[in-house]
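**Student:** Right, I'll just put the structure down here and ask away after.
The values are calculated or read from the model by the stated rules, or taken from the named source; none is laboratory data. For clarity, every value in this text was computed on a predicted model and none was experimentally measured. Every residue, glycine among them, receives a Cβ derived from its backbone with ideal geometry; neighbour counts consider all protein chains shown. In case anyone asks, the SASA skips ligands and DNA or RNA and just uses the protein heavy atoms, side chains included. Shrake-Rupley method; radii C 1.70, N 1.55, O 1.52, S 1.80 Å.
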Amino acid sequence: MKNAYILVGPPGAGKGTQAELLDEELDIKLIQPGVFLRKEAEKDTDVGVLIRKFLAHGLIVPNQIVDKKVFQVLKKVKKDVLFDGYPRTIPQAEKLYEFLTEKKVKINFVMISLQDSLIMERINGRRSCSCGETFHIKYNPPKKKGVCDKCDKKLFIRSDSKKNIVKKRIELYKKETAPVIKFFKKKKRVNFVKINGAKPIEKVHQDILVIFNDNGKD
Ligand SMILES: [Zn+2]
């Protein structure tokens, strides 16, 4: 591992999509603790049962469970690593920074930024169908208003796309991520890059790829 990439971005900025695109295109190891937790919760392992208990009570899964898994992977990995949804707290950031610094891994902190009004527009305009298709009233409208192109069923707004919920998600993102961003921004040996998330998905992808290509040169 020569490089580690930490990807952050508000809801609606397409962070998950960007992580998947990079994972398809590059020879990297993608670390997504959120996906790991969802998968693990479906299993009947000790950890799986424990995670289910926390989720059933509406509690946040303790960091130790996530950290243990992340470092298990990190200790073995040979490829460059891309983090999506990690680290989320200062103790996690400190531990990760220390580990990567000791291994002389270059840390690239990639922040996708998007202003609040655009986050609202992007998420609030989403329309879903029970068949799994998704639309956006402005960016990807269905042929017939409010009706699915694929199956003709009526489209609906997912509960986490409703205005007051989106506002809460933005607030939570800021509260949770701001200290982590500040932590990495202060560190001299971190390559801190800000990407304009208001551009189309493909353009944002190209902007992120530049960072990977620059690192490949040395
Ligand atoms: Zn449909």
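**Student:** To test your reading of the geometry: what angle, between 0 and 90 degrees and rounded to tens, separates the Cα axis of helix 201-217 from the longest principal axis of the chain?
**Tutor:** It works out to around 10 degrees.
**Student:** Then there is this: Could you look at the stretch 95-218 and say what percent of its accessible area is carbon and sulfur, using a 1.4 Å probe and all protein chains?
**Tutor:** Ligands and nucleic acids excluded, carbon and sulfur give 54 percent.
**Student:** Take each of the peptides 87-94, 167-174, average the number of other beta-carbon atoms within 10 Å over its residues, and list them starting from the highest. Please list the in-between numbers first.
**Tutor:** Numbers: 87-94: 16.5, 167-174: 14.1.
So the peptides 87-94, 167-174, ranked by packing, come out 87-94, 167-174.
**Student:** Express the carbon and sulfur contribution to the solvent-accessible surface of the stretch 1-85 as a percent, rounded to the nearest whole number, probe 1.4 angstrom.
**Tutor:** 53
**Student:** With a 1.4 Å probe and all protein chains left in place, how much accessible area per residue does the chain have, in Å²?
**Tutor:** Values: 13310 Å² over 218 residues.
Computed with neighbouring chains in place, this is 61 Å² per residue.
**Student:** When every alpha-carbon pair in the chain is counted, what percent end up more than 24 Å apart?
**Tutor:** I get 51 percent for the Cα pairs in the chain exceeding 24 Å.
**Student:** Oh, and also: Taking 0.36 nm per residue of separation and subtracting the Cα-Cα distance, what length does fully extending Ile137 through Leu59 add? Walk me through the numbers before you get to the answer.
**Tutor:** On the way: separation 78, 0.36 × 78 = 28.08 nm, distance 3.40 nm.
Taking 0.36 nm per residue and subtracting the Cα distance, the gain is 24.7 nm.
**Student:** What does the extension gain come out to for Val49 and Lys194, with contour length at 0.36 nm per residue minus their alpha carbon separation?
**Tutor:** 48.3 nm
**Student:** Between Leu118 and Lys95, what is the FRET efficiency for a Förster distance of 41 Å, r being their Cβ-Cβ separation, to the nearest 0.05? Each step should come with its number before you reach the end.
**Tutor:** Working: r = 33 Å, r/R0 = 0.81.
Between Leu118 and Lys95 the formula returns 0.80.
**Student:** Say each of Lys186 and Glu42 gets a label point 7 Å from the Cα, pointing the same way as Cα to Cβ; how far apart are those two points in nm?
**Tutor:** Distance between the two pseudo-spin positions: 4.1 nm.
**Student:** Could I ask something else about it? Provide, as a two-decimal number, the C-alpha radius of gyration of the stretch 129-218 over 2.2 N^0.38 Å, N being how many residues it has.
**Tutor:** 1.56
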